[in-house]
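Asks: Got a structure for you, written out below as structure tokens; questions coming shortly.
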Amino acid sequence: MYGYIKGRVMEIDPNYIIIDNNGIGYLIFVPNPYGFSIGKEYTIYTYSNIREDEYSLYGFKTKEEKEFFLKLISVKGLGPKMALPILATGSISLVSEAIENENINYLKKFPKIGDKVAKQLVLDLKGKLNVVSTGMFKKEDHSNELTDALIGLGYKQSDIKKIISKIDSTKSLEEQIKEALKLFLK
């Protein structure tokens, strides 16, 4: 329904951002909300998810991210909320490579992705991916935001506690999230 929405980010939550466009605040679920800055203007490429019990907007900084997201949700058993954490790693090329190489163990490390969905990803997308990686994170460091962001991506508090001490707290929030996701994927 909407191709993109251009406006100022008014609020950032661990799961979404609210972007103001001509006095209307759009709540948009994004892979990494902390990649945005409050008060800054962005063009967000959107996907409208319309179901009988829900109307949601999903947003992406680039067209490539949106295209990759659309390919992910075309997989049987993989919905929009399961696809966002996959994009949050910031590396479309690594996920594409895992699918092409049938690396089920790598794919199962994402939240809510089990053996069945990982195999379905490979079955449905192998040979169909030709997307280039794009950077997605830009924000300053705040330790509580890191935990909130990881919880928002579907990771459990107990799992976060295990890796949080291994993350360099002097890095930006963007780098901390990337480092945390890499630790989860090991």
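Bear in mind that the values in this text are calculations on the coordinates, not laboratory data. As the structure is a computational prediction, the values presented were derived from the model and not from experiment. Counting neighbours? That spans all protein chains shown, and the Cβs are built from the backbone with ideal geometry, glycine included.
Asks: Using a simple charge model, +1 on the beta-carbon of Lys and Arg, -1 on the beta-carbon of Asp and Glu, nothing else, what dipole does the chain show about its Cα centre, in debye to the nearest 20? Present the calculation step by step, with values, prior to reporting the outcome.
Replies: Details: 27 positive and 24 negative charges, 107 e Å.
Charge dipole, the chain, about its Cα centre: 520 debye, nearest 20.
Asks: Positive end of the charge dipole of the chain (Lys, Arg +1 and Asp, Glu -1 on Cβ, about the Cα centre): tell me which of Gly23, Ile164, Leu94 has its Cα farthest that way.
Replies: Final value for the positive-end residue is Leu94.
Asks: Still on this structure: Remind me, relative contact order of the chain in percent, using alpha carbon pairs under 8 angstrom and six or more residues apart? Spell out each step's value before the answer.
Replies: Numbers: 316 pairs, mean separation 37.3, N = 186.
20 percent.
Asks: Neighbouring Cβ atoms within 10 Å as the yardstick, rank Tyr45, Tyr55, Tyr2 fewest first. Please list the in-between numbers first.
Replies: Values: Tyr45 19, Tyr55 10, Tyr2 14.
Placing the least packed residue first, the sequence is Tyr55, Tyr2, Tyr45.
Asks: What order do you get for Phe184, Phe60, Phe110 when you list them from fewest to most C-beta neighbours inside 10 Å? Don't skip to the answer; put the middle values down first.
Replies: Values: Phe184 19, Phe60 24, Phe110 27.
Exposure proxy ranking, most exposed first: Phe184, Phe60, Phe110.
Asks: Using only the Cα atoms of the chain, build the gyration tensor, take square roots of its eigenvalues as a ≥ b ≥ c, and label the shape rounded, prolate or oblate: rounded if a/c is under 1.5, else prolate if a/b is larger than b/c, else oblate.
Replies: On the way: a/c = 1.72, a/b = 1.11, b/c = 1.55.
Oblate, since a/c reaches 1.5 and b/c is not below a/b.
Asks: The stretch 87-126 to the stretch 1-54: how many Å between their Cα centroids?
Replies: First find each Cα centre; the distance between them is then 26 Å.
Asks: Give me Met82, Met10 sorted ascending by neighbouring Cβ count inside 10 Å, so fewest comes first.
Replies: Numbers: Met82 18, Met10 13.
Listed from fewest to most nearby Cβ atoms, that is Met10, Met82.
Asks: Looking only at Tyr58, Tyr16, Tyr42, which one moves most when the chain is put into a Gaussian network model with springs between Cα atoms under 10 Å?
Replies: So, out of Tyr58, Tyr16, Tyr42, the one fluctuating most is Tyr42.
Asks: Just going by the charge dipole of the chain, with Lys and Arg at +1 and Asp and Glu at -1 on Cβ, which of Ile104, Gly154, Gly79 is farthest out on the positive end?
Replies: Ile104
Asks: I want to check the label-to-label distance for Asp115 and Lys182. Put each point 7 Å from Cα in the C-beta direction and report it in nm to one decimal.
Replies: Calculated label separation equals 3.0 nm.
Asks: To the nearest 0.05, how large is the calculated FRET efficiency for Asn21 and Glu175 if R₀ is 45 Å and r is the Cβ-Cβ distance?
Replies: On the way: r = 30 Å, r/R0 = 0.67.
Taking R0 as 45 Å, the efficiency between Asn21 and Glu175 is 0.90.
Asks: Helix-derived [θ] at 222 nm for the chain: sum -39500 (n - 2.57) over DSSP H runs of at least 4, divide by residue count, nearest 500?
Replies: On the way: 8 runs with 74 residues, N = 186.
Value at 222 nm, helices only, nearest 500: -11500 deg cm²/dmol.
Asks: What residues have an amide H closer than 5 Å to that of Phe36, excluding those fewer than 5 places away on the same chain, when H is modeled at 1.01 Å from N in the peptide plane?
Replies: Under 5 Å from the amide H of Phe36 lie the amide H atoms of Lys138, each far enough along the sequence or on another chain.
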